[in-house]
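Since the structure comes first, as structure tokens, the remarks are kept for the end.
The values are calculated or read from the model by the stated rules, or taken from the named source; none is laboratory data. Everything numeric here is computed off the predicted structure, so don't read it as measured data. Here Cβ is always computed from backbone atoms with ideal geometry, including for glycine, and neighbour counts include all displayed protein chains. Quick note on the areas: whole protein, heavy atoms, side chains included, nothing else; ligands and nucleic acids left out. Shrake-Rupley method; radii C 1.70, N 1.55, O 1.52, S 1.80 Å.
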Amino acid sequence: MSVQDHPELCAKILVPRRRFQGGQPDPNVIVSQKYGIEDFLDYEWANYQKIMAVCPEDLRQYFVDMRGVEIAEDGRKALLMRIVHDDQGGPAPNLVKNTRQLTPEFWTVMERIRKEVFLANSIDHFGIVRRNILVQSPSHPVIIDFQTGRERFRGQFWLRHPCFVRQKVNRYFQKLYKEMGVTLS
């Protein structure tokens, strides 16, 4: 959703699209019942802030620039973020829709993020998949979608242990690299 008077920003709102227990309830009802999360947008904003708090300054450009949660004119909550454009001026595609050849630098950046952000701090993004990585240019990834995290899987106590978190992060990145046909040396 676009933001009035701010063409560089977009707003993420939750809409009842998914079927859950015979109906289409508010998405916050679903995540509250399934995971114990009271507000999904606040949760995503908090996850983003945790990652940015430990992210080296030079790697922050590879994460979408989020601005926070605000109330929209229609009374719904909205998570504001900067629109990611590609180097040709259009909306940046994700890795699923990208048709351009990516450079080795693209994957070097992803490896730095894996090692210097997620592994070094035992943080699991849980969403390192092709749809959550935008292609700003053939050498510049942008990671989006911070809705998932350790608290979401509260029944999986082992995710609180750094060694298990690092193993899970490595598996997600290995799966991504395999799907993309990337071999790192």
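Results, tabulated for the structure shown:
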quantity	calculated
Those residues of segment 97-133 which are modelled with pLDDT under 95 and among the acidic types (Asp, Glu), in sequence order	Asp124
Residues of segment 109-134 classified as assigned to a helix (DSSP H, G or I) and open to solvent by 50 Å² or more (accessible area, probe 1.4 Å), total	5
Failed item, numbered, when Ile30 is tested on (1) open to solvent by less than 30 Å² (accessible area, probe 1.4 Å); (2) modelled with pLDDT of 65 or more; (3) not in a strand (DSSP E or B)	(2)
Output for segment 135-161, where each listed residue is in a helix (DSSP H, G or I) and either modelled with pLDDT of 95 or more or surrounded by 17 or more Cβ atoms within 10 Å (Cβ to Cβ) (or both)	Arg150, Arg152, Leu159
Of all residues making up segment 87-103, the number that are in a strand (DSSP E or B) and under 15 Å from the mean Cα position of the chain (by Cα)	1
Checking Glu44 against (1) modelled with pLDDT under 90; (2) under 18 Å from the mean Cα position of the chain (by Cα); (3) assigned to a loop (DSSP other than H, G, I, E, B), the condition it does not meet	(3)
Residue under evaluation Phe106, criteria (1) assigned to a loop (DSSP other than H, G, I, E, B); (2) open to solvent by less than 30 Å² (accessible area, probe 1.4 Å); (3) not charged (D, E, K, R), criterion not met	(1)
Residue within segment 77-86 that is in contact with a helix residue (DSSP H, G or I) (Cβ under 7 Å, 6 or more places away or on another chain), part of a loop (DSSP other than H, G, I, E, B) and either open to solvent by 30 Å² or more (accessible area, probe 1.4 Å) or on the phi < 0 side of the Ramachandran plot (or both) present	no
Residues within segment 162-184 that are among the polar types (S, T, N, Q), in a helix (DSSP H, G or I) and more than 14 Å from Gly127 (Cα to Cα), tallied	1
Contacts under 9 angstrom Cβ, first residue in segment 75-96 being of a type in the set (Lys, Arg) and modelled with pLDDT of 95 or more, partner surrounded by 13 or more Cβ atoms within 10 Å (Cβ to Cβ) and part of a loop (DSSP other than H, G, I, E, B), 6 or more apart	Arg82/Val64; Arg82/Asp65
Count of segment 51-74 residues which are modelled with pLDDT of 95 or more, loosely packed, with under 14 Cβ neighbours inside 10 Å and in a loop (DSSP other than H, G, I, E, B)	1
